[in-house]
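Asker: Submitted below is the structure of interest, expressed as C-alpha cells.
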Amino acid sequence: MRCVPLFSMHASKGYLNYAKRVLWPSFHNVTVLDQCCAAWNDEGADTWDQERSGASWDAYEALNGEFRDALLPILRAGDTVWVHDYHLMLLPTMLAEAEMFRVDAFTTRKARIVFFLHIPFPTSQLFCSLANGPKLLAGVVGADVVGFHAFEHARHFLNACTRLLGMPQKSVAGGITGVEHGGRTVMVVVRHVSVETLVIEDALKGDAVAAAA
C-alpha cells in the first residue's frame, strides 16, 4: 500500500466545522431547527443561521478539491477510486469532471469511482433543509457505484436524488437499483458491516472463555 499524506489548511472549517457540525447531525436526522440550540453551536440559538456557514462550505469544497488534485497525478488507467464517507461527498464529481480523469476527449473514464457512506442517509425531507444539499448529491452521483450499510439509507438517497435533482430511478440486472445521471446509471448498493467471524470463533475456543462459561 502506498500512502500519500495530505495536510490541508481547510481541515478545521471544512472537516471539523462543516462536516462534523452540519453534515454529521443532519445525516443522523437531527433537524436544522434542533441544531440551532445544540451544544456544539457556539454562536447560540439567537444567532445561528445555516447561511452563516458559508465560509465552512467554501472550505469543505476546497478540501475536496485538494483530494482531487492529489489523486489525479497518481491515478492509472483501470484503477478504482474508493471514496469514503461524508467528508468527501463532492470528490466523485470533482474527479469525473477533471480533464486528467478522461482517457479520451469523450466520456471514457480513466478509473472507476466507488463512494461509500458509513453513516445513515437522512430522509429526503430532512435532507432538503440543507442549504447545499443539491450540490452534495450532485457530487456523489459522479461515482459509478454508491454504497450504504442499510436499505433505508439507500432508499432515502434515491428519493433525495429524484426529488431534489429530478433523476429517474432505474433497475439493472441483478436486482440493483440506480439513478440515471449524465447518460449513465449510477448503481446504488447495500453492503452490511460484518464482524470478524474467524477471530470470534478462535476466541471462543480459548480456555478463559470456557472457564467463564
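The values are calculated or read from the model by the stated rules, or taken from the named source; none is laboratory data. All figures in this text were calculated on a predicted structure; none of them were measured in a lab. Ideal geometry is used to build each Cβ from the backbone, glycine not excepted, and the neighbour counts take in all protein chains shown. Note: areas computed on protein heavy atoms with side chains; ligands, DNA, RNA excluded. Shrake-Rupley method; radii C 1.70, N 1.55, O 1.52, S 1.80 Å.
Asker: Please find, among Gly78, Gly54, the residue that is modelled with pLDDT under 95, of a type outside the set (D, E, K, R) and on the phi > 0 side of the Ramachandran plot.
Answerer: Gly78
Asker: Would you point out which residue out of Leu158, Leu137, Leu164 is closer than 18 Å to Met89 by Cα, in contact with a Leu (Cβ under 7 Å, 6 or more places away or on another chain), modelled with pLDDT of 95 or more and not β-branched (Val, Ile, Thr)?
Answerer: Within the list Leu158, Leu137, Leu164, the selection yields Leu137.
Asker: Just give me the residues in the stretch 131-171 being of a type in the set (D, E, K, R) and in contact (Cβ under 8 Å) with a residue 40 or more places away in the chain, in sequence order.
Answerer: Correct list: Lys135, Asp144.
Asker: Any residue at all in the stretch 87-110 that's within 16 Å of the chain's Cα centre (by Cα), outside any loop (DSSP other than H, G, I, E, B) and surrounded by fewer than 16 Cβ atoms within 10 Å (Cβ to Cβ)?
Answerer: Checking the stretch 87-110: not a single residue is within 16 Å of the chain's Cα centre (by Cα), outside any loop (DSSP other than H, G, I, E, B) and surrounded by fewer than 16 Cβ atoms within 10 Å (Cβ to Cβ).
Asker: Would you please name the residue that is farthest from the chain's Cα centre (by Cα), looking only at residues in the stretch 145-180 that are more than 19 Å from Tyr86 (Cβ to Cβ) and surrounded by 19 or more Cβ atoms within 10 Å (Cβ to Cβ)?
Answerer: Among residues in the stretch 145-180 that are more than 19 Å from Tyr86 (Cβ to Cβ) and surrounded by 19 or more Cβ atoms within 10 Å (Cβ to Cβ), the one farthest from the chain's Cα centre (by Cα) is Met167.
Asker: Among the residues of the stretch 199-206, is there at least one that is touching a helix residue (DSSP H, G or I) at 6+ places or on another chain (Cβ under 9 Å), open to solvent by 40 Å² or more (accessible area, probe 1.4 Å) and of a type outside the set (S, T, N, Q)?
Answerer: Yes: one or more hits.
Asker: Turning to a different aspect of this structure: Of the numbered conditions (1) under 15 Å from the mean Cα position of the chain (by Cα); (2) at pLDDT below 95; (3) more than 26 Å from Gly65 (Cβ to Cβ), Asn132 fails exactly one; give the number of that condition.
Answerer: With respect to (1) under 15 Å from the mean Cα position of the chain (by Cα); (2) at pLDDT below 95; (3) more than 26 Å from Gly65 (Cβ to Cβ), Asn132 is out only on (3).
Asker: Could you check the stretch 74-86 and list, in sequence order, the residues that are of a type outside the set (A, V, I, L, M, F, W, C) and either assigned to a loop (DSSP other than H, G, I, E, B) or under 23 Å from Pro134 (Cα atoms) (or both)?
Answerer: Arg76, Gly78, Asp79, His84, Asp85, Tyr86
Asker: Let me ask something else. Search the stretch 111-130 for residues being without any contact (Cβ under 8 Å) to a residue 60 or more places away in the chain, in a loop (DSSP other than H, G, I, E, B) and open to solvent by 40 Å² or more (accessible area, probe 1.4 Å), and hand back the single one that is farthest from His181 (Cα to Cα).
Answerer: By that ranking, first place goes to His118.
Asker: Counting residues that are small (Gly, Ala, Ser), which helices (runs of 4 or more DSSP H) fully inside the stretch 139-213 reach at least 2?
Answerer: Where helices (runs of 4 or more DSSP H) fall fully within the stretch 139-213 and carry at least 2 residues being small (Gly, Ala, Ser), they are 151-165, 207-212.
Asker: Only one of Arg191, Arg184 is modelled with pLDDT under 95, under 16 Å from the mean Cα position of the chain (by Cα) and open to solvent by 30 Å² or more (accessible area, probe 1.4 Å); which?
Answerer: Of Arg191, Arg184, the one residue that is modelled with pLDDT under 95, under 16 Å from the mean Cα position of the chain (by Cα) and open to solvent by 30 Å² or more (accessible area, probe 1.4 Å) is Arg191.
Asker: So the check is Cβ under 9 Å with 6+ separation or different chains; which pairs have a first residue in the stretch 84-107 that's under 15 Å from Gly142 (Cβ atoms) and modelled with pLDDT of 95 or more and a second one that's among the acidic types (Asp, Glu) and in a loop (DSSP other than H, G, I, E, B)?
Answerer: Qualifying pairs under 9 Å: Pro92/Asp144.
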